[in-house]
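**Student:** Shown below is the structure under consideration.
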Amino acid sequence: MTRNSSKSNLLAQIFAAEENLLHPTASGFRNGHEPVHSSASGTCMNTPAEENHYYCHNCQQGDGTVEAVMSLKGISREKAEAYLRAFFG
């Protein structure tokens, strides 16, 4: 995993680490999917391009980077925070 201190890229890095690349859209968002949901189009999740929060249209939930790690990895908040500290500082 590539470390990058740019906060605007943190969420994209988190999703990419789980082999879930976010794709830019014409409206300034990035689309992808949460592995916990099936998505025929692969675009059930979106995030503003330069921000670190997301929204999943399948479960109608979303939040910040800690919650993204919790969802992607199926781990507790404590473990998600430790993961972020270890890999992103």
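**Student:** Could you tell me whether region 48-56 includes any residue that is in a loop (DSSP other than H, G, I, E, B), of a type in the set (Ser, Thr, Tyr) and at pLDDT below 80?
**Tutor:** Applying the first criterion (in a loop (DSSP other than H, G, I, E, B)) to region 48-56 yields 49-54.
Adding the requirement that they be of a type in the set (Ser, Thr, Tyr) leaves 54.
Okay, now just the ones that are also at pLDDT below 80, so none.
The answer is no, given that none of the residues of region 48-56 is in a loop (DSSP other than H, G, I, E, B), of a type in the set (Ser, Thr, Tyr) and at pLDDT below 80.
**Student:** I would also like to ask the following. In region 53-84, which residues are without any contact (Cβ under 8 Å) to a residue 12 or more places away in the chain and touching a Lys or Arg at 6+ places or on another chain (Cβ under 9 Å)?
**Tutor:** In the first step, residues of region 53-84 are kept if they are without any contact (Cβ under 8 Å) to a residue 12 or more places away in the chain; the result is 55, 60-61, 63, 70, 75-79, 82.
Selection gives 70, 79.
**Student:** Out of the residues in region 56-73 meeting the condition of being of a type outside the set (Lys, Arg) and farther than 17 Å from residue 39 by Cβ, tell me which one is surrounded by the most Cβ atoms within 10 Å (Cβ to Cβ). If you could, list the steps in order and put the result at the bottom.
**Tutor:** In the first step, residues of region 56-73 are kept if they are of a type outside the set (Lys, Arg); the result is 56-72.
Subsequent filtering for residues that are farther than 17 Å from residue 39 by Cβ retains 63-67, 69-70.
Working: 63: 14, 64: 13, 65: 20, 66: 16, 67: 15, 69: 25, 70: 18.
My answer is 69.
**Student:** Could you please tell me which pairs satisfy a Cβ distance under 6 Å, a separation of 6+ or placement on different chains, a first residue in region 2-26 that is under 14 Å from residue 43 (Cα atoms) and part of a loop (DSSP other than H, G, I, E, B), and a second residue that is of a type in the set (D, E, K, R) and at pLDDT below 80?
**Tutor:** That search, which allows pairs on different chains as well, returns 22/30.
**Student:** Right, another one. Report whether or not residue 19 is modelled with pLDDT under 80, exposed (fewer than 15 other Cβ atoms within 10 Å of the Cβ) and under 14 Å from the mean Cα position of the chain (by Cα).
**Tutor:** Numbers: modelled with pLDDT under 80: yes; exposed (fewer than 15 other Cβ atoms within 10 Å of the Cβ): yes; under 14 Å from the mean Cα position of the chain (by Cα): yes.
Answer is yes for this residue.
**Student:** Looking only at residues in region 27-46 that are assigned to a strand (DSSP E or B) and within 17 Å of residue 73 (Cβ to Cβ), which one is modelled with the lowest pLDDT? Show your work before the answer.
**Tutor:** Residues of region 27-46 assigned to a strand (DSSP E or B): 29-32, 45-46.
Within this subset, residues satisfying the condition of being within 17 Å of residue 73 (Cβ to Cβ) are 32, 45.
Working: 32: 75, 45: 79.
Checking each candidate, the answer is 32.
**Student:** Filter region 45-84 for residues that are among the hydrophobic types (A, V, I, L, M, F, W, C) and closer than 18 Å to residue 26 by Cβ and give the result. Steps first, please.
**Tutor:** Going through region 45-84, the residues among the hydrophobic types (A, V, I, L, M, F, W, C) turn out to be 45, 49, 56, 59, 66, 68-70, 72, 75, 80, 82, 84.
Passing the criteria: 45, 49.
**Student:** Now for a different question. Can you tell me which of 70, 1 is modelled with pLDDT of 80 or more and out of contact with any Cys (no Cβ under 8 Å at 6 or more places or on another chain)?
**Tutor:** On inspection, the qualifying residue turns out to be 70.
The values are calculated or read from the model by the stated rules, or taken from the named source; none is laboratory data. This one's a predicted model, so the numbers in the text were calculated from it and none came from an experiment. Counting neighbours? That spans all protein chains shown, and the Cβs are built from the backbone with ideal geometry, glycine included.
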